[in-house]
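The values are calculated or read from the model by the stated rules, or taken from the named source; none is laboratory data. From a predicted model like this one, the values you see are computed outputs, not experimental measurements. Methodologically, a virtual Cβ is constructed for each residue, glycine included, from the backbone with ideal geometry; neighbour enumeration extends over all protein chains shown. For accessibility, only protein heavy atoms count, side chains too; no ligands or nucleic acids. Shrake-Rupley method; radii C 1.70, N 1.55, O 1.52, S 1.80 Å.
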Amino acid sequence: MAFVLFGAVWSITEKECLPGGNLFGIVLLFISAVCGGKLVGLIQFPTLPPFPPLLGMLLAGILLHSVPVVSDAVHIDFRWSAALRNIALAVILTRAGLGLDAAALRKLKAVCVRVAMGPCMVEACTVALVSHFLMALPWTWAFILGFVLSAVSPAVVVPSMLLLQKDGFGVDKGIPTLLMAAGSFDDVLAITGFTTCLGTAFATGATWYNVLKGILEVLGGTVAGLVLGCFLRFFPSKDQEDLVIRRSFLLLGLSVFAVFASRVAGFSGAGGLCTLVMAFLAGLSWKQSKVPVAAVVGRIWDVFQPLLFGLIGAEITISALDPSTVGLGLAVLGIGLLVRVLITFTMVLFAGFNFKEKVFIALAWIPKATVQAAIGSTALDMARRQGDAVLEKYGMDVLTVAVLAILVTAPIGALSIGLAGPRLLQKQTDPNQGNGCPQGAPAETTLEQPMASESKI
């Protein structure tokens, strides 16, 4: 398949697909990222959970850009790279919007709202405060980094929770479902905060105008998402053939349009929020066809996931990294994770869990991956388009810490969940027994099917 892909692209583009051309770099990066993900997925130990394949994809991109001879042949124009990453962002946001379930929103009460909002906001503020003084980032850029790091990774959490759920660990109290549901809302909150701060960072003019513009981006993105979501409710009509394919095409097309058009219009923060709202409303009205559409979007994500993580890795050159930036970035990341774990433990103190279950929930909120890869380079891309060297440095600092977060927390988080789950959670004694949920946590059957489709995010 790799040779067929390369041969087909070469026969169409010729020189552009030879070493040094953009398409050569993209195709080689894609193939390398897929192989890297497969190889890392094969690393298994008898007593340890499998490593996330996304680590292999990220490392493949880093190696391609860091090996001298290979890096000369693999050249990808930053505009091509930014466009592909933005398309991947649109696909991720579409999946996140489809993954939100209205029934769960109605049933989510104190415990799930606290787990979703508390750690995310506190970690974002902590990282912003620490990075402002340690890394000398302006306050707006410090909060951009804070929201980039504050999102939990469904790529690690959801598959791990599904495995524990399958074996019956924590099912009696609905812990796997609680964490899968809260993870989606955690990501939405982080992305919303990021897009708002991003719009403020690149705004020009007076302070009051920048603040007003940030508010307008949130409101404009929400209103645009509502309008487009209502449009997708009626178009295409239900009597048309190939309804799932048509709906999938319109949903993905409008998502990509929203992300790119918002940048053209100068309201870059509105596109992501518009996509989330639109996908949620569309899925809410589609009912039975929501799952097939989500499956189609998932297949599209299978193509863009290696590209996203490979391109993110290719932005990092090991020899060009500033040791002080790496060291300070790790310090910021460590402080943020420590605060996040403590706050998560505090959020579930009075939720009906025992001490071991509280410790497990806190550990399960460590891993970061997909959201960091999707939005970590967005600020750098915008800074490059403006040609501002100072802003480019801030953007590279944000991207470097985001990559460090993926490399450090994804394997640690996967291992923590896999090892701590069977030891800290109680195994369901009666498989036929209904799933209990503490203080309004959603019933497991509410999100099991929709969230299972998110296992590859």
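Just to be sure, is GLY174 farther than 16 Å from MET347 by Cβ and open to solvent by less than 10 Å² (accessible area, probe 1.4 Å)? Judged against the criteria, GLY174 is not a match.
Summed over the range 225-254, residues that are among the basic types (Lys, Arg) and out of contact with any helix residue (DSSP H, G or I) (no Cβ under 8 Å at 6 or more places or on another chain) total 2. Annotation: LEU243 fulfils all but one of (1) under 20 Å from ASP381 (Cα atoms); (2) surrounded by 14 or more Cβ atoms within 10 Å (Cβ to Cβ); the unmet one is (1). Taking the range 49-86 as the range and being of a type in the set (D, E, K, R), in a helix (DSSP H, G or I) and more than 23 Å from the chain's Cα centre (by Cα) as the test, only ASP72 passes. Scanning the range 286-336 for residues that are among the acidic types (Asp, Glu) and either open to solvent by 60 Å² or more (accessible area, probe 1.4 Å) or free of Cβ contacts under 8 Å to residues at least 24 places away in the same chain (or both) yields one hit, ASP322. When the criteria are applied in full, LEU189 fails the requirement of being touching a Pro at 6+ places or on another chain (Cβ under 8 Å) and either among the β-branched types (Val, Ile, Thr) or in a helix (DSSP H, G or I) (or both).
When the criteria are applied in full, ALA142 meets the requirement of being assigned to a helix (DSSP H, G or I), without any contact (Cβ under 8 Å) to a residue 40 or more places away in the chain, touching a Ser or Thr at 6+ places or on another chain (Cβ under 8 Å) and of a type in the set (Gly, Ala, Ser). Screening PHE143, PHE133 for residues that are of a type outside the set (S, T, N, Q), more than 19 Å from the chain's Cα centre (by Cα) and either under 20 Å from GLY395 (Cβ atoms) or open to solvent by less than 10 Å² (accessible area, probe 1.4 Å) (or both) leaves exactly one candidate, PHE133. Restricted to the range 239-261, and to residues there that are polar (S, T, N, Q) and part of a helix (DSSP H, G or I), the residue that is farthest from the chain's Cα centre (by Cα) is SER248.
Look at the range 367-396: where a residue is among the basic types (Lys, Arg) and a partner is crowded, with 24+ Cβ neighbours inside 10 Å and at pLDDT below 85, sitting 6+ places away or on another chain with Cβ atoms under 6 Å, you get LYS368/SER153. Just to be sure before I move on: is VAL171 of a type outside the set (Phe, Trp, Tyr), farther than 24 Å from VAL326 by Cα, in contact with an Asp or Glu (Cβ under 9 Å, 6 or more places away or on another chain) and part of a helix (DSSP H, G or I) in the structure I sent? Judged against the criteria, VAL171 is not a match. On inspection, ILE457 passes the criterion of being under 29 Å from VAL332 (Cα atoms), at pLDDT below 50 and among the hydrophobic types (A, V, I, L, M, F, W, C).
Counting only residues that are in contact with a His (Cβ under 8 Å, 6 or more places away or on another chain) and within 17 Å of GLY97 (Cα to Cα), the range 279-326 holds 0 of them. Within the option set GLY37, GLY21, GLY41, being surrounded by 14 or more Cβ atoms within 10 Å (Cβ to Cβ), over 12 Å from LEU311 (Cα atoms) and in contact (Cβ under 8 Å) with a residue 60 or more places away in the chain holds for one residue only, GLY37.
The listed residues are LEU228, LEU198, LEU212, and the only one of them that is surrounded by 16 or more Cβ atoms within 10 Å (Cβ to Cβ), modelled with pLDDT under 85 and part of a helix (DSSP H, G or I) turns out to be LEU198. Report, by residue number, each residue of the range 156-168 that is assigned to a helix (DSSP H, G or I) and either touching a Ser or Thr at 6+ places or on another chain (Cβ under 6 Å) or touching a residue at least 60 places away in the same chain (Cβ under 8 Å) (or both). Within the range 156-168, VAL156, VAL157, VAL158, PRO159, SER160, MET161, LEU162, LEU163, LEU164, GLN165, ASP167 meet the criteria. In the set SER255, SER262, only one residue is closer than 17 Å to ILE375 by Cα, open to solvent by less than 40 Å² (accessible area, probe 1.4 Å) and without any contact (Cβ under 8 Å) to a residue 60 or more places away in the chain; that residue is SER262.
Candidates ASP187, ASP172: the one that is closer than 28 Å to LEU273 by Cα and either at pLDDT below 80 or among the acidic types (Asp, Glu) (or both) is ASP187. Filtering the range 48-91 to residues that are within 15 Å of PHE304 (Cα to Cα), open to solvent by 10 Å² or more (accessible area, probe 1.4 Å) and β-branched (Val, Ile, Thr) leaves only ILE87.
Taken together, the residues in the range 348-374 that are under 11 Å from LEU424 (Cα atoms) and open to solvent by less than 10 Å² (accessible area, probe 1.4 Å) amount to 3.
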